[in-house]
Amino acid sequence: MIFAGDVAIAQGDVFQFRGFPDRITAQPWILNLEGPVLGDEMKGCRGLHNASDWLLSFSGFRVRGVVLANNHIQDATNGIANTRALSKTLGLEAVGAGSDSREAAQPMLVSDGNLDYGVIAAGWSAIGCRPAKRNRPGVNPLRRKPLLRQVATLRKQSGIDRIVVILHGNYEFELYPQPSQRHLAHRLIDAGAHAVLFHHSHLASHVEQYLGQTIAYGLGNWAFSSGRFQNGRVLMPDEAFKQLAIEIGREHDSVHVAMFDPPNKVQYVRTEVIANQDSDLLAPFEGFDDRTYLAWFRRHRHKRRALPIFRHDEPKVIEQLKLGFVQTRNLLLASAFRWGVKSYGSTSRSGS
(Lines give C-alpha, C1' and ligand atoms only; values in the text may rest on other atoms or scores of the structure.)
Protein backbone atom coordinates (compact mmCIF):
# COMPACT_ATOMS: atom_id res chain seq x y z
CA MET A 1 0.00 0.00 0.00
CA ILE A 2 1.36 3.40 -0.98
CA PHE A 3 0.54 6.64 0.86
CA ALA A 4 1.14 9.99 -0.83
CA GLY A 5 0.94 13.67 0.15
CA ASP A 6 -1.36 16.60 -0.50
CA VAL A 7 -3.69 16.71 -3.50
CA ALA A 8 -5.35 20.01 -4.45
CA ILE A 9 -6.23 20.06 -8.15
CA ALA A 10 -7.92 23.16 -9.57
CA GLN A 11 -10.63 23.08 -12.23
CA GLY A 12 -9.12 22.39 -15.66
CA ASP A 13 -5.82 20.99 -14.35
CA VAL A 14 -4.76 17.44 -15.16
CA PHE A 15 -1.44 16.33 -13.71
CA GLN A 16 1.00 14.20 -15.69
CA PHE A 17 3.04 11.60 -13.78
CA ARG A 18 6.12 10.62 -15.75
CA GLY A 19 8.60 7.79 -15.44
CA PHE A 20 6.80 5.87 -12.68
CA PRO A 21 7.45 2.10 -12.95
CA ASP A 22 4.38 -0.06 -13.53
CA ARG A 23 5.07 -1.94 -10.30
CA ILE A 24 4.52 1.29 -8.37
CA THR A 25 1.43 2.58 -10.16
CA ALA A 26 -0.21 -0.85 -9.92
CA GLN A 27 -0.10 -0.76 -6.11
CA PRO A 28 -3.13 0.50 -4.15
CA TRP A 29 -2.73 4.21 -3.30
CA ILE A 30 -4.11 6.39 -0.49
CA LEU A 31 -4.04 10.17 -1.14
CA ASN A 32 -4.58 13.18 1.11
CA LEU A 33 -7.29 15.43 -0.36
CA GLU A 34 -6.12 18.86 0.80
CA GLY A 35 -9.54 20.45 0.52
CA PRO A 36 -13.07 19.37 -0.42
CA VAL A 37 -14.11 18.04 -3.80
CA LEU A 38 -16.29 20.59 -5.58
CA GLY A 39 -19.41 19.09 -7.08
CA ASP A 40 -22.18 21.11 -8.75
CA GLU A 41 -23.82 21.67 -5.39
CA MET A 42 -20.66 23.03 -3.74
CA LYS A 43 -20.24 26.72 -4.49
CA GLY A 44 -18.33 29.55 -2.92
CA CYS A 45 -15.22 27.70 -1.76
CA ARG A 46 -12.73 30.39 -0.78
CA GLY A 47 -9.84 28.10 0.10
CA LEU A 48 -8.11 25.04 -1.31
CA HIS A 49 -10.24 22.43 -3.05
CA ASN A 50 -10.29 19.72 -5.68
CA ALA A 51 -12.22 19.84 -8.94
CA SER A 52 -14.90 17.20 -9.40
CA ASP A 53 -12.72 15.47 -12.04
CA TRP A 54 -9.58 15.41 -9.87
CA LEU A 55 -9.24 11.65 -10.26
CA LEU A 56 -8.43 12.07 -13.97
CA SER A 57 -4.93 13.04 -12.90
CA PHE A 58 -4.50 9.55 -11.44
CA SER A 59 -5.93 7.53 -14.33
CA GLY A 60 -2.73 5.48 -14.39
CA PHE A 61 -2.83 4.79 -10.66
CA ARG A 62 -4.85 2.39 -8.55
CA VAL A 63 -6.33 4.84 -6.03
CA ARG A 64 -8.26 3.09 -3.26
CA GLY A 65 -8.87 5.77 -0.63
CA VAL A 66 -8.59 9.39 0.44
CA VAL A 67 -7.62 11.11 3.70
CA LEU A 68 -9.84 14.03 4.79
CA ALA A 69 -8.18 14.95 8.10
CA ASN A 70 -6.79 18.37 7.22
CA ASN A 71 -7.35 22.08 7.75
CA HIS A 72 -8.92 22.74 4.33
CA ILE A 73 -11.57 20.01 4.13
CA GLN A 74 -14.16 22.47 5.51
CA ASP A 75 -13.20 25.39 3.24
CA ALA A 76 -16.59 24.88 1.55
CA THR A 77 -19.99 24.51 3.19
CA ASN A 78 -20.77 20.83 3.77
CA GLY A 79 -17.29 20.03 2.47
CA ILE A 80 -16.91 16.85 4.48
CA ALA A 81 -20.33 15.37 3.67
CA ASN A 82 -20.12 16.18 -0.02
CA THR A 83 -16.55 14.94 -0.38
CA ARG A 84 -17.39 11.67 1.35
CA ALA A 85 -20.44 11.23 -0.90
CA LEU A 86 -18.55 12.06 -4.10
CA SER A 87 -15.68 9.77 -3.09
CA LYS A 88 -18.12 6.92 -2.50
CA THR A 89 -19.50 7.30 -6.04
CA LEU A 90 -15.93 6.83 -7.29
CA GLY A 91 -15.51 3.68 -5.21
CA LEU A 92 -13.04 5.31 -2.82
CA GLU A 93 -12.82 4.83 0.93
CA ALA A 94 -12.50 7.95 3.12
CA VAL A 95 -10.96 8.45 6.56
CA GLY A 96 -10.23 11.20 9.08
CA ALA A 97 -13.33 13.42 8.94
CA GLY A 98 -17.05 12.83 9.23
CA SER A 99 -20.50 14.08 10.14
CA ASP A 100 -19.74 13.55 13.83
CA SER A 101 -16.91 12.43 16.08
CA ARG A 102 -17.77 8.76 15.69
CA GLU A 103 -17.62 8.82 11.89
CA ALA A 104 -14.48 10.97 11.94
CA ALA A 105 -12.67 8.41 14.10
CA GLN A 106 -13.79 5.41 12.02
CA PRO A 107 -10.75 3.66 10.51
CA MET A 108 -10.35 2.84 6.84
CA LEU A 109 -9.99 -0.87 6.14
CA VAL A 110 -8.30 -1.66 2.81
CA SER A 111 -6.36 -4.55 1.30
CA ASP A 112 -3.61 -4.80 -1.30
CA GLY A 113 -4.48 -8.43 -1.99
CA ASN A 114 -1.77 -9.73 0.33
CA LEU A 115 -2.01 -7.57 3.44
CA ASP A 116 -4.99 -5.96 5.16
CA TYR A 117 -4.47 -2.41 6.41
CA GLY A 118 -6.23 -0.39 9.06
CA VAL A 119 -5.76 3.36 8.54
CA ILE A 120 -6.46 6.07 11.13
CA ALA A 121 -6.17 9.80 10.33
CA ALA A 122 -6.31 12.90 12.53
CA GLY A 123 -5.66 16.66 12.33
CA TRP A 124 -4.18 19.22 14.72
CA SER A 125 -6.52 21.97 15.92
CA ALA A 126 -3.65 24.49 16.19
CA ILE A 127 -3.41 24.65 12.39
CA GLY A 128 -7.13 24.94 11.72
CA CYS A 129 -8.34 21.33 11.73
CA ARG A 130 -11.76 21.78 13.32
CA PRO A 131 -12.45 18.74 15.52
CA ALA A 132 -15.63 16.77 15.07
CA LYS A 133 -18.09 16.73 17.94
CA ARG A 134 -20.91 14.39 18.93
CA ASN A 135 -23.34 16.32 16.74
CA ARG A 136 -21.02 18.44 14.57
CA PRO A 137 -18.97 17.53 11.48
CA GLY A 138 -15.22 17.87 11.64
CA VAL A 139 -11.86 16.16 11.72
CA ASN A 140 -10.71 13.34 13.97
CA PRO A 141 -8.64 15.36 16.50
CA LEU A 142 -4.91 14.88 16.86
CA ARG A 143 -4.96 14.08 20.57
CA ARG A 144 -2.74 11.56 22.27
CA LYS A 145 -5.13 9.50 24.40
CA PRO A 146 -7.93 9.09 21.81
CA LEU A 147 -5.43 8.12 19.10
CA LEU A 148 -3.75 5.57 21.34
CA ARG A 149 -7.18 4.10 22.10
CA GLN A 150 -8.02 3.95 18.40
CA VAL A 151 -4.79 2.10 17.64
CA ALA A 152 -5.38 -0.30 20.54
CA THR A 153 -8.92 -1.01 19.33
CA LEU A 154 -7.75 -1.63 15.78
CA ARG A 155 -4.97 -3.89 17.01
CA LYS A 156 -7.55 -6.14 18.69
CA GLN A 157 -9.46 -6.50 15.42
CA SER A 158 -8.67 -9.78 13.71
CA GLY A 159 -7.33 -9.78 10.19
CA ILE A 160 -5.44 -6.46 10.34
CA ASP A 161 -1.85 -6.93 9.19
CA ARG A 162 -0.67 -3.31 9.20
CA ILE A 163 -1.90 -0.26 11.16
CA VAL A 164 -1.03 3.10 9.59
CA VAL A 165 -1.67 6.43 11.36
CA ILE A 166 -1.77 9.60 9.25
CA LEU A 167 -1.39 12.92 11.09
CA HIS A 168 -1.98 16.42 9.73
CA GLY A 169 0.30 18.35 12.05
CA ASN A 170 3.25 20.68 12.55
CA TYR A 171 3.62 24.15 10.99
CA GLU A 172 3.72 24.79 7.27
CA PHE A 173 7.26 24.79 5.85
CA GLU A 174 8.74 23.42 9.07
CA LEU A 175 11.14 20.63 8.13
CA TYR A 176 11.39 19.03 11.57
CA PRO A 177 8.60 17.62 13.78
CA GLN A 178 7.30 19.35 16.87
CA PRO A 179 8.78 17.54 19.93
CA SER A 180 5.27 16.67 21.15
CA GLN A 181 4.34 15.12 17.81
CA ARG A 182 7.54 13.12 17.50
CA HIS A 183 6.86 11.81 21.01
CA LEU A 184 3.29 10.93 19.97
CA ALA A 185 4.53 9.11 16.87
CA HIS A 186 6.79 6.96 19.04
CA ARG A 187 3.94 6.19 21.44
CA LEU A 188 1.69 5.19 18.53
CA ILE A 189 4.35 2.71 17.37
CA ASP A 190 4.61 1.44 20.95
CA ALA A 191 0.83 0.91 20.90
CA GLY A 192 0.97 -1.23 17.76
CA ALA A 193 1.06 1.07 14.71
CA HIS A 194 3.34 -0.07 11.90
CA ALA A 195 3.81 3.41 10.44
CA VAL A 196 3.05 7.06 11.26
CA LEU A 197 2.94 9.50 8.35
CA PHE A 198 2.68 13.30 8.55
CA HIS A 199 1.10 15.84 6.18
CA HIS A 200 0.68 19.64 6.23
CA SER A 201 4.21 21.08 6.08
CA HIS A 202 4.24 20.90 2.23
CA LEU A 203 7.85 19.76 2.55
CA ALA A 204 9.40 16.36 1.98
CA SER A 205 10.87 15.82 5.42
CA HIS A 206 12.94 13.06 7.01
CA VAL A 207 12.11 9.45 7.72
CA GLU A 208 12.88 7.85 11.08
CA GLN A 209 13.00 4.18 11.98
CA TYR A 210 11.70 3.55 15.48
CA LEU A 211 11.62 -0.03 16.79
CA GLY A 212 11.95 -1.13 13.18
CA GLN A 213 8.85 0.78 12.09
CA THR A 214 8.50 3.80 9.81
CA ILE A 215 7.79 7.40 10.78
CA ALA A 216 7.75 9.92 7.90
CA TYR A 217 7.60 13.50 9.18
CA GLY A 218 6.40 15.14 5.97
CA LEU A 219 5.32 13.69 2.63
CA GLY A 220 5.03 17.08 0.94
CA ASN A 221 2.63 17.63 -1.93
CA TRP A 222 1.68 15.07 -4.54
CA ALA A 223 -0.47 17.02 -6.99
CA PHE A 224 -0.88 20.68 -6.03
CA SER A 225 -2.11 23.35 -8.46
CA SER A 226 0.40 25.99 -7.43
CA GLY A 227 -0.72 29.46 -8.47
CA ARG A 228 -4.29 28.35 -9.24
CA PHE A 229 -6.07 29.17 -5.98
CA GLN A 230 -7.07 32.52 -4.47
CA ASN A 231 -6.43 34.46 -7.67
CA GLY A 232 -3.00 32.93 -8.06
CA ARG A 233 -1.74 33.92 -4.62
CA VAL A 234 -1.25 30.36 -3.31
CA LEU A 235 2.20 29.51 -4.63
CA MET A 236 4.54 26.71 -3.65
CA PRO A 237 8.23 27.63 -3.20
CA ASP A 238 10.98 25.61 -4.88
CA GLU A 239 11.72 23.86 -1.59
CA ALA A 240 8.27 22.23 -1.81
CA PHE A 241 8.91 20.64 -5.23
CA LYS A 242 10.36 17.42 -3.75
CA GLN A 243 7.62 14.89 -3.05
CA LEU A 244 7.46 11.55 -1.22
CA ALA A 245 5.20 8.52 -1.26
CA ILE A 246 5.66 5.83 1.37
CA GLU A 247 5.07 2.17 0.57
CA ILE A 248 4.25 0.00 3.59
CA GLY A 249 4.99 -3.57 2.57
CA ARG A 250 5.46 -7.07 3.92
CA GLU A 251 9.24 -7.43 3.90
CA HIS A 252 10.25 -3.77 4.15
CA ASP A 253 8.97 -0.22 3.69
CA SER A 254 10.09 1.96 0.79
CA VAL A 255 10.03 5.63 -0.12
CA HIS A 256 9.32 6.77 -3.67
CA VAL A 257 10.82 10.17 -4.47
CA ALA A 258 9.42 12.47 -7.17
CA MET A 259 9.88 16.10 -8.27
CA PHE A 260 7.19 18.60 -9.18
CA ASP A 261 7.76 20.29 -12.55
CA PRO A 262 5.39 23.29 -12.76
CA PRO A 263 2.70 23.73 -13.72
CA ASN A 264 1.39 20.16 -13.74
CA LYS A 265 4.09 17.52 -14.20
CA VAL A 266 5.48 15.11 -11.60
CA GLN A 267 8.68 13.24 -12.48
CA TYR A 268 9.65 9.99 -10.80
CA VAL A 269 13.19 10.13 -9.38
CA ARG A 270 14.01 6.99 -7.40
CA THR A 271 12.91 4.40 -4.86
CA GLU A 272 14.79 3.60 -1.65
CA VAL A 273 14.36 1.03 1.07
CA ILE A 274 13.69 3.07 4.21
CA ALA A 275 16.09 1.03 6.32
CA ASN A 276 18.96 2.19 4.07
CA GLN A 277 21.34 3.96 6.46
CA ASP A 278 23.01 5.83 3.59
CA SER A 279 19.84 7.63 2.52
CA ASP A 280 19.75 11.43 2.64
CA LEU A 281 16.16 11.06 3.87
CA LEU A 282 17.27 9.43 7.12
CA ALA A 283 16.38 11.67 10.08
CA PRO A 284 19.51 13.25 11.60
CA PHE A 285 17.84 12.90 15.00
CA GLU A 286 17.07 9.18 14.73
CA GLY A 287 17.65 7.51 18.08
CA PHE A 288 17.49 10.74 20.12
CA ASP A 289 15.51 10.58 23.34
CA ASP A 290 12.88 13.27 23.97
CA ARG A 291 15.17 15.60 25.92
CA THR A 292 17.99 15.40 23.41
CA TYR A 293 15.63 15.98 20.51
CA LEU A 294 14.06 19.03 22.20
CA ALA A 295 17.48 20.67 22.51
CA TRP A 296 18.33 19.72 18.92
CA PHE A 297 15.01 21.07 17.62
CA ARG A 298 15.52 24.40 19.36
CA ARG A 299 18.78 24.84 17.46
CA HIS A 300 17.62 23.62 14.04
CA ARG A 301 13.92 24.44 13.62
CA HIS A 302 12.92 26.62 10.68
CA LYS A 303 9.82 28.38 12.07
CA ARG A 304 10.99 30.74 14.79
CA ARG A 305 8.92 33.89 14.27
CA ALA A 306 6.28 34.12 17.03
CA LEU A 307 5.55 30.38 16.96
CA PRO A 308 5.85 28.31 20.14
CA ILE A 309 7.43 24.89 20.51
CA PHE A 310 5.02 22.18 21.65
CA ARG A 311 6.46 19.74 24.20
CA HIS A 312 4.83 16.52 25.26
CA ASP A 313 5.53 17.03 28.96
CA GLU A 314 4.28 20.58 29.51
CA PRO A 315 1.27 21.28 31.77
CA LYS A 316 -2.12 21.15 30.06
CA VAL A 317 -2.79 24.81 30.78
CA ILE A 318 0.44 25.83 29.00
CA GLU A 319 -0.43 23.67 26.01
CA GLN A 320 -3.89 25.26 25.80
CA LEU A 321 -2.41 28.76 25.98
CA LYS A 322 -0.03 27.92 23.13
CA LEU A 323 -2.87 26.44 21.08
CA GLY A 324 -4.97 29.55 21.62
CA PHE A 325 -2.10 31.82 20.63
CA VAL A 326 -1.36 29.91 17.40
CA GLN A 327 -5.05 29.74 16.47
CA THR A 328 -5.47 33.49 16.99
CA ARG A 329 -2.33 34.17 14.97
CA ASN A 330 -3.63 32.00 12.15
CA LEU A 331 -6.98 33.82 12.09
CA LEU A 332 -5.18 37.15 11.76
CA LEU A 333 -2.97 35.80 8.96
CA ALA A 334 -6.00 34.33 7.19
CA SER A 335 -7.77 37.69 7.35
CA ALA A 336 -4.70 39.43 5.96
CA PHE A 337 -4.57 36.89 3.16
CA ARG A 338 -8.26 37.30 2.25
CA TRP A 339 -7.85 41.06 2.07
CA GLY A 340 -4.79 40.76 -0.15
CA VAL A 341 -2.40 42.15 2.45
CA LYS A 342 -0.39 38.93 2.63
CA SER A 343 0.52 36.26 0.08
CA TYR A 344 1.01 32.55 0.66
CA GLY A 345 3.71 30.09 -0.30
CA SER A 346 6.68 31.58 -2.09
CA THR A 347 6.58 34.81 -0.09
CA SER A 348 4.91 33.56 3.09
CA ARG A 349 5.74 31.15 5.89
CA SER A 350 2.52 31.14 7.92
CA GLY A 351 1.80 28.43 10.44
CA SER A 352 -1.73 27.69 9.22
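The values are calculated or read from the model by the stated rules, or taken from the named source; none is laboratory data. Note that this is a predicted model, so its numbers are computed, not measured. Note: ideal-geometry Cβ built from the backbone for every residue, glycine included; neighbour counts use all protein chains shown. To get the accessible areas, we keep the full protein, side chains included, count just its heavy atoms, and leave off ligands, DNA and RNA. Shrake-Rupley method; radii C 1.70, N 1.55, O 1.52, S 1.80 Å.
With a 1.4 Å probe and all protein chains left in place, how much of the accessible area of the stretch 157-240 comes from carbon and sulfur atoms, in whole percent?
Result for the stretch 157-240: 42 percent of the exposed heavy-atom area is carbon or sulfur.
Nearest 0.05, what FRET efficiency do GLN277 and ARG144 give at R0 = 35 Å with Cβ-Cβ as r?
It comes to 0.70.
Let me check against my output: what whole-number percent is the relative contact order of the chain, with C-alpha pairs under 8 Å and at least 6 apart?
16 percent
Would you look at the GNM of the chain, springs on alpha carbons closer than 10 Å, and say which of ALA195, ALA121, ALA306 moves the most?
Checking each option, the largest mean-square fluctuation is seen for ALA306.
Where in the stretch 212-312 are there trypsin sites (Lys or Arg not before Pro) that are in a DSSP coil and have at most 12 other Cβ atoms within 10 angstrom of their Cβ? Could the numbers behind the result be given before it?
On the way: sites: ARG228, ARG233, LYS242, ARG250, LYS265, ARG270, ARG291, ARG298, ARG299, ARG301, LYS303, ARG304, ARG305, ARG311; in loops: ARG228, ARG233, ARG250, ARG301, LYS303, ARG304, ARG305, ARG311.
Here the trypsin sites (Lys or Arg not before Pro) that fit, given the DSSP loop and packing criteria, are ARG250, ARG304, ARG305.
Can you pull the percent of Cα pairs in the stretch 91-157 with separation above 13 Å?
Of the Cα pairs, 63 percent sit more than 13 Å apart.
Largest first, how would ASP116, ASP238 line up by accessible area (1.4 Å probe)?
ASP238, ASP116
Using 0.36 nm per residue of separation minus the Cα-Cα distance, give me the extension gain between ARG46 and ALA295 in nm, one decimal.
Using 0.36 nm per residue and subtracting the Cα-Cα distance, I get 85.7 nm.
Near the amide H of PHE20, under 5 Å away, which other amide H atoms are found, from residues 5 or more places off or on another chain, if H is placed in the peptide plane?
TYR268
Per DSSP helix of 4 or more residues, -39500 (n - 2.57); summed, then divided by the residues of the chain. What does that give at 222 nm, rounded to the nearest 500?
Taken over the chain, the calculation gives -7000 deg cm²/dmol.
Where the centroid of each part is defined by its Cα atoms, how far is the stretch 130-148 from the stretch 13-88 in Å?
Each part's Cα centre sits 22 Å from the other's.
Rounded to the nearest whole Å², what accessible area per residue is found for the chain with the 1.4 Å probe?
Accessible area per residue, the chain: 42 Å².
First compute the accessible area of the stretch 81-135 with a 1.4 Å probe, then give the percent of it belonging to carbon and sulfur atoms.
Exposed carbon and sulfur together represent 43 percent of the surface.
Pairs LYS242/LYS316; LYS133/LYS156; LYS133/LYS322; LYS88/LYS133: which are spaced more than 31 Å apart, C-alpha to C-alpha?
LYS242/LYS316
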